[in-house]
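K.L.:
What follows is a structure written as structure tokens; I'll ask about it next.
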Amino acid sequence: MVPALLDLILPPRCAGCGAWGAVACPSCLAKLLGEPAPRPPDPAPPGLPDCWSATAYEGAARRMILACKERGRTALVPALAACVATCVAAWQNEAEAEGERAAGLSGAALSGAGLSGGGRGGAGAGGDRAGEGEAAVTWLVPVPSARAAVRRRGHDPVRAVATAAVRELRGRGRAAVLAPLLRQRRRVADQAGLGSLERAANLSGAFEVGHRALGALWPPHSGTGRAVGFRVVLVDDVVTTGATLAEAARALRAAGVTPSAAVTIAATPRRVPYVATRRKHHIRDNHGW
């Protein structure tokens, strides 16, 4: 945690470019926020939810993520959380627009057939129907880091970022809660150098849902105690092959909770074969496994 203390004592330097004045200068922060958009891996593993990222895992964004995650520069958490919140909001806007388009087409079809309908269905696990006058709550579910990695780093960066992203979303007027539902079920090997199929095998059965944590959030309700709809969004720092997020989604579905999307700060560009890239650069996996 020495870097975190130095950020408090000394004039800060940007983790992205080294410029003095802030842990994230305006230029690098703009690169970090990037352009939120769907950035699924290609090919995507089975079971991967709609996958959005704010930027590519390269340049200033990569340096800032690694500084927070591996070098203890926790002062970067608010900037990374703003990135996640922006991405979640962009996905929500797109999902709501698609819902409105679908509702419009359905209404037009009913009208053309001389039919009309009414009533609302209830929200099941993973549903996104809100009660009358109530906005759906977004559950941010952080992907758990390996226990050994948390001990080595002295913090859990993904959970810290997800926690701060909830605050950021609430500040923007969006209903959100932290939902730390997932936990590690077993140890997994370091994923550096593994291909997509090897990663999937390595992670198979690695996560499970803590039912006590799920019980604390169920049923979803507003601040007045009124039941509301909800959406489940997985949160991680980087998506590479998508194996980690797909396994996390599988564990949620096994507990009856269907994730609507997965959001990461960055997505690894796939310009060359994956195994060759990993062996050349020796980049650690999302969680240091």
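The values are calculated or read from the model by the stated rules, or taken from the named source; none is laboratory data. Remember, it's a predicted structure, so these values are computed and weren't measured experimentally. Cβ sites come from the backbone with ideal geometry, for glycine too, and all protein chains shown count toward neighbours. Protein only, heavy atoms only, side chains kept; ligands, DNA and RNA dropped before computing areas. Shrake-Rupley method; radii C 1.70, N 1.55, O 1.52, S 1.80 Å.
K.L.:
Of the conditions (1) closer than 27 Å to Ala251 by Cβ; (2) modelled with pLDDT of 90 or more; (3) open to solvent by 30 Å² or more (accessible area, probe 1.4 Å); (4) not charged (D, E, K, R), Leu169 fails just one. Which one is it?
P.N.:
(3)
K.L.:
Checking Arg13 against (1) modelled with pLDDT under 90; (2) closer than 22 Å to Gly154 by Cα, which single condition isn't satisfied?
P.N.:
Condition not satisfied by Arg13: (1).
K.L.:
Moving on. Taking segment 139-179 only, how many residues are outside any helix (DSSP H, G or I) and in contact (Cβ under 8 Å) with a residue 60 or more places away in the chain?
P.N.:
Going through segment 139-179 one residue at a time, the tally reaches 13.
K.L.:
Which residue out of Gly131, Gly154 is more than 22 Å from Pro78 (Cβ to Cβ) and either open to solvent by less than 70 Å² (accessible area, probe 1.4 Å) or at pLDDT 75 or above (or both)?
P.N.:
Result: Gly131 is the single residue among Gly131, Gly154 that is more than 22 Å from Pro78 (Cβ to Cβ) and either open to solvent by less than 70 Å² (accessible area, probe 1.4 Å) or at pLDDT 75 or above (or both).
K.L.:
Hey, among the residues in segment 207-251 that are among the aliphatic types (A, V, I, L, M) and modelled with pLDDT under 90, which one's surrounded by the fewest Cβ atoms within 10 Å (Cβ to Cβ)?
P.N.:
Here the answer is Ala216.
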